[in-house]
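Each value in this text was obtained by applying a stated rule to the coordinates, not by laboratory testing. Because the structure is predicted, anything quoted here is derived from the model rather than measured.
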Amino acid sequence: MRRIAMTLAHSIRKAKKWAMSESLRWAWKIVKNQITAKVVGVTFGNRQQALNRLCNYEPRRVVFTTRRESDNPYDSNAIAINVTVIGKGTVHIGYLPKDVAQILAPLLDKNLHPTILSWEILGEETKGIKLSMELVTGISRANQIHTATMKQPTALIAIR
């Protein structure tokens with residue numbers, strides 16, 4: 001856990017230009033708690049259709065994964081979010097926001113991926129998705145792919 005906190009502190013320091021002590025304080029907060037982020041780029045291509053279909057599946061069949069895209073022309077720290085419905089296939093649904101990706105990218109470069117704990121579909125006409133993640137240490141990449149639990153506030157999910 002200390003290794004993750006130090007890696008995070010260095011990336012925070014570089015990204016925010018903060019003193020190392022302040023960066024370490026924030027890094028430990030991130031390591032000890034969950035990170036919540038709204039996925040960006042969900043209106044591109046057929047991603048809205050994918051989000052609409054996602055509402056139709058049981059949460060235990062849905063798996064979210066992160067994938068580093070260091071060769072992305074718009075953001076060298078880009079972290080793609082893919083969703084797999086077990087037995088159906090995988091689709092790319094968007095990216096972590098730039099400020100979150102800038103901090104987490106060094107961890108993914110060291111093969112330390114966040115575990116997606118929960119997800120929530122937002123909006124009615126135009127859908128969005130919010131993910132809650134946790135940094136897990138000492139677990140291989142294959143073991144970190146967990147089925148997420150889905151929060152189902154009825155006001156946020158509209159299946160048409």
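Numbers at a glance
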{"item": "Under-5 Å amide H pairs with residue 120, H placed in peptide plane, nonlocal only", "result": "130"}
{"item": "Out-of-range pairs (alpha-carbon distance over 23 Å; input 88/127; 16/98; 32/127; 17/130)", "result": "32/127; 17/130"}
{"item": "Under Karplus coefficients 6.51, -1.76 and 1.60, residue-wise ³J(HN,Hα) of the stretch 113-128 in Hz, glycine/proline x", "result": "9, x, 9, 7, 8, 8, 9, 9, 7, 10, x, 10, 6, 9, 8, x"}
